[in-house]
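Reading through the C-alpha cells given below for one structure.
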Amino acid sequence: MLQLSRHAVDKLATYGIQGARLCSWHEALQTGDPFLDICSGASGSVFWWEQRPWIVIFSQDGVRVVTTYPTDERTVTNRRGGGRWIFPNT
C-alpha cells in the first residue's frame, strides 16, 4: 500500500475521505493511469472515483502520495491533449 504524506492525509480529510471511503479511494487509485507532468516534472496518476476524476501526485521515488485532489473531465482532457501530461502507457 502506498504511503500518504501528511499533506495528502489532510487533503483526504478535507474531502471527508476516511474509513471505508479511504479504502474505496485507495482501490480506485490502483486503476489509475500514470502520467508525467512536463511543466512541474511530477509523476502522478489520474483515476475515476465516485463519478469524477481524481489526481494524485507521487513523491520522486514513487512510494508516497504527496497530494491528491478531485478534478474534472475538461481539465484532464486539456492537460492530456495539450501535451502537459504525458501518459507512457498510451
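The values are calculated or read from the model by the stated rules, or taken from the named source; none is laboratory data. Remember, predicted model here, so these are calculated numbers, not experimental data. The accessibility values were calculated without ligands, DNA or RNA, using every heavy atom of the protein model including side chains. Shrake-Rupley method; radii C 1.70, N 1.55, O 1.52, S 1.80 Å.
When N counts the residues of the stretch 32-90, how does its alpha-carbon radius of gyration compare numerically with 2.2 N^0.38 Å, as a ratio?
Working: Rg = 10.8 Å, N = 59, 2.2 N^0.38 = 10.4 Å.
Dividing the Cα radius of gyration by 2.2 N^0.38 Å gives 1.04.
Give me the number: length gained by fully extending LEU22 to THR71, i.e. 0.36 nm times residue separation minus the C-alpha to C-alpha distance, one decimal in nm. Don't jump to the answer; show the numbers that get you there.
Details: separation 49, 0.36 × 49 = 17.64 nm, distance 1.75 nm.
Length gained, LEU22 through THR71: 15.9 nm.
Per residue, the accessible area of the chain comes to 60 Å², computed with a 1.4 Å probe over protein heavy atoms only.
Report the antiparallel proportion of the DSSP beta bridges in the chain as a percent, rounded to a multiple of 5. Intermediate values should be presented prior to the final figure.
Numbers: 17 of 19 bridges.
DSSP beta bridges in the chain are roughly 90 percent antiparallel.
When the solvent-accessible area of the stretch 1-48 is split by element, carbon and sulfur atoms take up 57 percent of it, the probe being 1.4 Å. Per-residue ellipticity at 222 nm from helix content only, as computed over the chain with -39500 (n - 2.57) for each DSSP H run of at least four residues, stands at -9500 deg cm²/dmol.
Taking 8 Å as the Cα distance limit and 6 or more residues as the minimum spacing, I'd like the relative contact order of the chain as a percentage. Mind dumping the intermediate values first?
Working: 135 pairs, mean separation 26.6, N = 90.
Relative contact order for the chain comes out at 30 percent.
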